[in-house]
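Undergrad: I am attaching a structure below and will ask some questions about it afterwards.
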Amino acid sequence: MIRKIALLVPLALLAGCGTPQERCIRSNTREYRALTNLLEETNANLARGYAWREREVVRTEYETCQRPVRNKDGEIQVVYYGCWRDRLDTERYRVPIDPAAEERTRDNLQAKLDVEARRAQEAVRQCRAAYPEEA
């Protein structure tokens with residue numbers, strides 16, 4: 001029984017990854033999607049006038065903790081007490097941008113995206129030819 005389950009788990013995981021055509025398209029358009037996201041972020045930075053960055057910050061919080069304790073009768077009881085715990089938070093903060101440099105970045109990303117779009121279209125066409133969807 002365990003062997004059957006062990007054999008079915010990888011098959012279930014593979015089934016959730018999409019059709020061969022979808023996998024082919026996804027792997028061949030990764031660079032196009034990355035460039036598109038970078039271009040959107042650059043345009044948003046220009047529209048806002050600043051960029052967002054993230055950093056991890058440790059915050060100490062006071063909370064109720066618990067600890068199991070054995071009493072005189074040998075039974076285990078839970079004792080509650082106050083304690084300090086460190087929490088890791090992600091904090092967003094604004095960063096000033098140089099609009100001229102950001103515009104140059106945008107223009108370079110747009111030029112790369114134009115080239116990559118043509119390559120991605122050809123790759124999608126080839127993936128659809130290689131792995132036709134069944135109706």
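The values are calculated or read from the model by the stated rules, or taken from the named source; none is laboratory data. Everything quoted here is computed from the prediction, not taken from an experiment. We place every Cβ from the backbone using ideal geometry, glycine too, and count neighbours over all the protein chains shown.
Undergrad: Being within 25 Å of the chain's Cα centre (by Cα), farther than 30 Å from ALA130 by Cβ and touching a residue at least 40 places away in the same chain (Cβ under 8 Å) narrows it down to one of THR90, THR19, THR29, THR105, so name that one.
TA: Result: THR105 is the single residue among THR90, THR19, THR29, THR105 that is within 25 Å of the chain's Cα centre (by Cα), farther than 30 Å from ALA130 by Cβ and touching a residue at least 40 places away in the same chain (Cβ under 8 Å).
Undergrad: Further, regarding this structure: What about VAL124, is it assigned by TED's automatic domain parsing to the domain that holds ASN45, hydrophobic (A, V, I, L, M, F, W, C), without any contact (Cβ under 8 Å) to a residue 60 or more places away in the chain and under 29 Å from THR19 (Cα atoms)? Don't jump to the end; show me each part of the working.
TA: Numbers: assigned by TED's automatic domain parsing to the domain that holds ASN45: yes; hydrophobic (A, V, I, L, M, F, W, C): yes; without any contact (Cβ under 8 Å) to a residue 60 or more places away in the chain: no; under 29 Å from THR19 (Cα atoms): yes.
In short, no.
Undergrad: Restricting to region 108-133, give me the number of residues that are over 25 Å from the mean Cα position of the chain (by Cα) and of a type in the set (A, V, I, L, M).
TA: So the answer is 4.
Undergrad: Exactly one of these conditions fails for LEU46: (1) free of Cβ contacts under 8 Å to residues at least 12 places away in the same chain; (2) not in a strand (DSSP E or B). Give me its number.
TA: Among (1) free of Cβ contacts under 8 Å to residues at least 12 places away in the same chain; (2) not in a strand (DSSP E or B), the lone unmet condition for LEU46 is (1).
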